[in-house]
1. Considering only residues that are touching a Pro at 6+ places or on another chain (Cβ under 9 Å), among the small types (Gly, Ala, Ser) and surrounded by 16 or more Cβ atoms within 10 Å (Cβ to Cβ), look in the range 168-214 and name the one that is farthest from Asp111 (Cα to Cα).
2. Do we have any residue at all in the range 185-197 that's under 29 Å from Pro26 (Cβ atoms), in a helix (DSSP H, G or I), in contact with a Lys or Arg (Cβ under 9 Å, 6 or more places away or on another chain) and assigned by TED's automatic domain parsing to the domain that holds Arg80?
3. Which of the following residues is in the same structural domain as Phe159 (by TED's automatic domain parsing), among the small types (Gly, Ala, Ser) and under 14 Å from the mean Cα position of the chain (by Cα): Ala59, Ala54?
4. Any chance the range 315-337 includes a residue that's at pLDDT below 90, out of contact with any Phe, Trp or Tyr (no Cβ under 6 Å at 6 or more places or on another chain) and crowded, with 20+ Cβ neighbours inside 10 Å?
5. Across the range 148-181, what is the total count of residues that are of a type in the set (Asp, Glu), part of a loop (DSSP other than H, G, I, E, B) and in contact (Cβ under 8 Å) with a residue 24 or more places away in the chain?
6. Any idea which of Ser349, Ser344, Ser376 is within 30 Å of Phe104 (Cα to Cα) and at pLDDT 95 or above?
7. Return the pairs, sorted by first residue and then second, in which the second residue is among the aliphatic types (A, V, I, L, M) and in a loop (DSSP other than H, G, I, E, B), the first residue lies in the range 127-147 and is in the same structural domain as Gly196 (by TED's automatic domain parsing), the beta carbons are less than 9 Å apart, and the residues are 6+ apart or on different chains.
8. Tell me, please, whether a residue that is crowded, with 16+ Cβ neighbours inside 10 Å, over 23 Å from Leu150 (Cβ atoms), at pLDDT 95 or above and in contact with a helix residue (DSSP H, G or I) (Cβ under 9 Å, 6 or more places away or on another chain) can be found in the range 118-129.
Amino acid sequence: MLVAAGQGSRAGGDIAKQFRLIGGKPVLAHAVDALSRHPAIDSIILVVGAGQEAEARMAIGGRPVAAIVQGADSRRGSVRAGLEHIASSGGAARILIHDAARPFLPGAVIDRLLSALAQAPGAIPTLPVTDTLVRNEAARAGEIVDRDGLARVQTPQAFHFDAILAAHRAWDSGREATDDAQIMRHAGHDVILVAGDERLEKLTYAEDFLRAEARLGAGRSIRTGTGYDVHRLAADEQLWLCGVRIPHDWGLAGHSDADVAIHALVDALLGALAEGDIGSHFPPSDPQWRGVASSRFLEYAAERVAKRDGFIEHVDLTLICEAPKIGPHRDAMRGRIAEILGLSLDRVSVKATTTERLGFAGRREGIAAQAVATLSLPALI
């Protein structure tokens, strides 16, 4: 369960922090990708605030989530809403409850948490307290607090599902719980501590976002890939460009929906990854791809980038044709590409040009597309 129902007012700005961009990608998308990459995660439930569902769907793009649930005014209420949704949908054996504001989740932390659930019904990641602690007495230093035996608690927190659900239902404390382990212990259950990770530090203030941007930029390399594709125009075909159906007397012929722009962009992304081209992943000889929407190919390419812990920094498409006019459809095209890739509009460029009536494009026999994709990937050491 990924809890993303807060407003994030301490982070500044007029956008909730789970929807702010880091490395060109929403915080929420980073968190979903981190969970999706782990083989032990079967499904993801997203809990958002009232009125945030549309913004959440835009932030995650085509990333798979099992459900989006409306949360409550408190974190405890939001988690309870998510738990009840899971229970009504058939329940679960184990659950990780994670805050979207901790988007950089190493897989090793998940491994440690799940292993610990063999010993107890709950487990949480923690870090040692290394700084001196002092009581704040009206902005003056008070007595030193003994840090021995203290630990900083992080998420995700892992539980046997039935136990944490019952603990939430039984919560009767007069004060608000700050995390789910507190609710679990209140119900009389043991909670095991495992090693956390500095990368899981919570994004709370504006400076946290600056540090996260700097950390993402360190130890990474920039890759550029190019793509080029051509499809012929034919009667009795639909015309799809950049995932948008364009009204036109002629359409593009091909094995899929023949979206020449998306095909070029898929090749650019795969090229930046050095993972071949669209034909090697989706052979035209394979009948299962006949007539399918090319958006599926682009979603796949974006998933390949995510699996490499990469980020799409920018994509640039150029359509080469005499007709139709691309200008009236450019905004819709940019929006659709941005939606599929989970990018902001300012990272998606769509342009058009003609060949001055020269060649096949000039004779209106076909449409060509060129694409450039810029990625940020972990540097090889």
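1. Looking at the filtered set, the residue picked out is Ala212.
2. no
3. Ala59
4. no
5. 2
6. Ser349
7. Qualifying pairs under 9 Å: Pro128/Leu150; Val129/Leu150; Leu133/Leu150; Arg147/Val129.
8. Yes: the range 118-129 contains one or more residues that are crowded, with 16+ Cβ neighbours inside 10 Å, over 23 Å from Leu150 (Cβ atoms), at pLDDT 95 or above and in contact with a helix residue (DSSP H, G or I) (Cβ under 9 Å, 6 or more places away or on another chain).
The values are calculated or read from the model by the stated rules, or taken from the named source; none is laboratory data. On a predicted model such as this, the values are computed, not experimentally measured, just so you know. Using ideal geometry, Cβ is built from the backbone for each residue, glycine included, and neighbour counts are taken over all protein chains shown.
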